[in-house]
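Structure first, commentary second.
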Amino acid sequence: MKKILTVIALSLTSFVALSHSLTVGENLPQVTITDKGYVDLVEGDFEYRQWTSAELQNKVILIQHIAGRTSAKELNDPMIDAVIAADFPFEKYNTATLVNLDESIWGTGAIVASQVKSNKEEFPDAIFVLDSEGDMRKTWALTEKSSAIILLDQAGKILYVKDGEMNPTEIDTVIGIINANI
C-alpha cells in the first residue's frame with residue numbers, strides 16, 4: 001500500500017511540475033495583449049499599446065510572469081535581485097515583467113498598475129506588460145496566483161522555464177544560462 005501511495009504522489013508531483021505548456025528548445029507560444037498591454041513612458045506620461053510576445057526577440061530575455069498580487073511578486077524576487085546584481089549589458093539582455101491583472105485581488109488592479117508604472121520609471125529600458133484578461137497565463141497554461149520565470153534566447157526560443165518559486169540553485173542556473181547566451 002505504501003508503494004502505491006508513493007507512486008501516486010510522485011505521479012501527481014510530476015503532473016503539477018509540468019502543468020505549463022512551455023517546452024525548452026521551442027518557441028514561446030505567441031499571445032497578443034490588446035487590453036492595457038505594453039507600458040510605455042513617453043515624455044513623463046504613461047501610455048499603453050497593444051503588445052505581442054513575438055516582440056521578445058533580439059536579446060536574451062528573462063520573463064517574469066506574475067499574478068497581480070504581492071504574494072506572487074515576492075515568490076521570485078530573489079531571481080530578479082540576482083539579475084539586477086549581475087548587471088547584464090542592455091545591448092544583449094533585457095527583463096520583461098508580464099503582470100496578470102486578471103488575478104489581482106478585487107479592487108487592487110489600479111494599485112498594481114501604479115506599482116508597475118513606478119517600476120517602469122525606475123527601470124525605463126525594461127519591458128512591462130499589463131494583461132487585463134489573463135491571456136498569457138491561459139495561453140501558456142501557467143499556475144494561477146503564482147509567478148513563472150521563462151528565459152528566452154535571441155530568437156525567442158525557450159532556454160529555461162520554472163512555474164513557481166525558484167530556489168537558489170535554480171537562480172544560479174538561470175544566471176549561468178544568461179551568461180552563456182549573451
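Which one of these is in contact with a strand residue (DSSP E or B) (Cβ under 9 Å, 6 or more places away or on another chain) and under 22 Å from N27 (Cα atoms): I175, I127?
When all the criteria are applied, what remains is I127.
Run down F46, F128, F123, F88 and say which single residue is more than 17 Å from the chain's Cα centre (by Cα), more than 20 Å from G176 (Cβ to Cβ) and among the aromatic types (F, W, Y).
F46
Out of all the residues in the range 148-155, is one or more more than 16 Å from the chain's Cα centre (by Cα) and over 22 Å from L22 (Cα atoms)?
For the range 148-155, residues more than 16 Å from the chain's Cα centre (by Cα) and over 22 Å from L22 (Cα atoms): absent.
May I ask you to verify whether G109 is in contact with a Leu (Cβ under 6 Å, 6 or more places away or on another chain), surrounded by fewer than 20 Cβ atoms within 10 Å (Cβ to Cβ) and under 20 Å from E26 (Cα atoms)?
For G109, the condition - in contact with a Leu (Cβ under 6 Å, 6 or more places away or on another chain), surrounded by fewer than 20 Cβ atoms within 10 Å (Cβ to Cβ) and under 20 Å from E26 (Cα atoms) - is not met.
Which of the residues that make up the range 27-37 are of a type in the set (A, V, I, L, M, F, W, C) and assigned to a strand (DSSP E or B)?
I33
Out of (1) surrounded by fewer than 18 Cβ atoms within 10 Å (Cβ to Cβ); (2) modelled with pLDDT of 95 or more; (3) in contact with a Lys or Arg (Cβ under 9 Å, 6 or more places away or on another chain), what's the single condition that is false for Y93?
Failing condition for Y93: (1).
Conditions tested, residue by residue: (1) surrounded by 13 or more Cβ atoms within 10 Å (Cβ to Cβ); (2) of a type outside the set (S, T, Y).
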{"site": "Q30", "(1), (2)": "no, yes"}
{"site": "T34", "(1), (2)": "yes, no"}
{"site": "G37", "(1), (2)": "yes, yes"}
{"site": "G44", "(1), (2)": "no, yes"}
{"site": "E55", "(1), (2)": "yes, yes"}
{"site": "I63", "(1), (2)": "yes, yes"}
{"site": "L101", "(1), (2)": "yes, yes"}
{"site": "I105", "(1), (2)": "yes, yes"}
{"site": "Q115", "(1), (2)": "yes, yes"}
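Considering only the range 127-142, how many residues are crowded, with 16+ Cβ neighbours inside 10 Å, out of contact with any Pro (no Cβ under 8 Å at 6 or more places or on another chain) and within 22 Å of E165 (Cα to Cα)?
Selection size over the range 127-142: 10.
The values are calculated or read from the model by the stated rules, or taken from the named source; none is laboratory data. Here the structure is a predicted model, which is why all the values come from computation and not from measurement. Every residue, glycine as well, gets a Cβ built from its backbone with ideal geometry; the counts of neighbours run over all protein chains shown.
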